[in-house]
Amino acid sequence: MPPAGAELTSIRSPRVKAARQLAKRALRQRARSFLAEGPQAVGEALATGGVVTQLFVTSAAQSRYAELIRLAAAQAADVQAVSGEVMTELAQTITPQGVLAVCRFVDVPLAQVSAASPQLAVILANVRDPGNAGTVLRTADAAGAGVVIFAGSSVDPYNSKAVRASAGSLFHLPVVTGAPVEEAVRAMRGRGLRVLAADGGASATLDDLQAAGQLGRPTAWLFGNEAWGLPADVLDLADQAVAVPIYGRAESLNLAAAAAVCLYASARAQVRPVPPARSGGPAGNLTEPALPRTAGLEDCRFPQRRR
């Protein structure tokens, strides 16, 4: 089904201006709408249903994205053909892929996800980099997490870079925005989740928790700001601080990499619980590796947590 109406060729069109304004957070909040760019994000939005309100597609891309156009029309979205110049004005990438959607916000209240009692959750505490935040969201989705909470002064998950980095995962699992960190922690703990804080200065490591068989419990992982990690008052909210071990010579892991290690360690233990390590037996004859260092987030060192 081809887009209805004539091709929009003016970047001063009211419809184009209205969509372009969604690049700004304040105007996204006012409209409760955001932009999803490219076939991956648009396809996932359409698969969710009831999310896409407008679809812009270039004439050159209409045949390539015919199925997306059909799905958008079937969901009563406004499908509009635009020129390459207009798509360039709307898009947030250097090389637009020819399709872009205006989508309704998909975040849910904290109380709603708390009632669902997720087994694995992510709390982002004042995480400001949209690429990292979107990548953590994507990783959480892949690891089977039940919710990602953008807490405190964390970046807007509807930021164009965050949406792209999530690769469609924004539409796959519940997302909460704007909750205070303390409230998010309290809500997850109230549903029986143990709160683990990723902290490079922690005395306990992921290896320690795995050996003790503790990673299989319902868990909410708390990740901090890329530049300074988790401050003492936020660390104190957690049940335990945990460091990611480093076996090589790298100074640290960035936020997205550390989150991936933590989330997959929990997900693997929840799917296939690891029994606590026992002394003796054949394993006792193996040569133990050198003690690993522990990873901070990004390229910074965190102070040792006071106990």
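Things to note:
- The strands (runs of 3 or more DSSP E) located wholly in the stretch 60-135 that include 2 or more residues which are assigned by TED's automatic domain parsing to the domain that holds Q29 and more than 15 Å from the chain's Cα centre (by Cα) occupy 78-82, 99-104.
- Matching option when the condition is modelled with pLDDT of 95 or more, out of contact with any strand residue (DSSP E or B) (no Cβ under 9 Å at 6 or more places or on another chain) and over 26 Å from D156 (Cα atoms), among A73, A66: A66
- Search result, residues across the stretch 191-206 that are touching a residue at least 40 places away in the same chain (Cβ under 8 Å) and either of a type in the set (A, V, I, L, M) or closer than 19 Å to F150 by Cβ (or both): R191, L193, V195, L196, A197, A198, A202, L206
- Conditions (1) touching a helix residue (DSSP H, G or I) at 6+ places or on another chain (Cβ under 8 Å); (2) modelled with pLDDT of 95 or more; (3) assigned to a helix (DSSP H, G or I); number of the one not met by Q54: (3)
- Filtering the stretch 179-215 to residues that are in a loop (DSSP other than H, G, I, E, B) and buried (at least 19 other Cβ atoms within 10 Å of the Cβ) leaves A179, L193, D199, G200, A202, Q214, L215.
- Filter result for the condition that a residue is out of contact with any helix residue (DSSP H, G or I) (no Cβ under 6 Å at 6 or more places or on another chain), farther than 18 Å from A162 by Cα, of a type in the set (A, V, I, L, M, F, W, C) and modelled with pLDDT of 95 or more, over A31, A4: A31
- Yes/no for V242 being surrounded by fewer than 22 Cβ atoms within 10 Å (Cβ to Cβ) and assigned to a strand (DSSP E or B): no
The values are calculated or read from the model by the stated rules, or taken from the named source; none is laboratory data. Because the structure is a prediction, the values reported are computed rather than measured. No Cβ is skipped: glycine too gets one built from the backbone with ideal geometry, and neighbour counts run over all protein chains shown.
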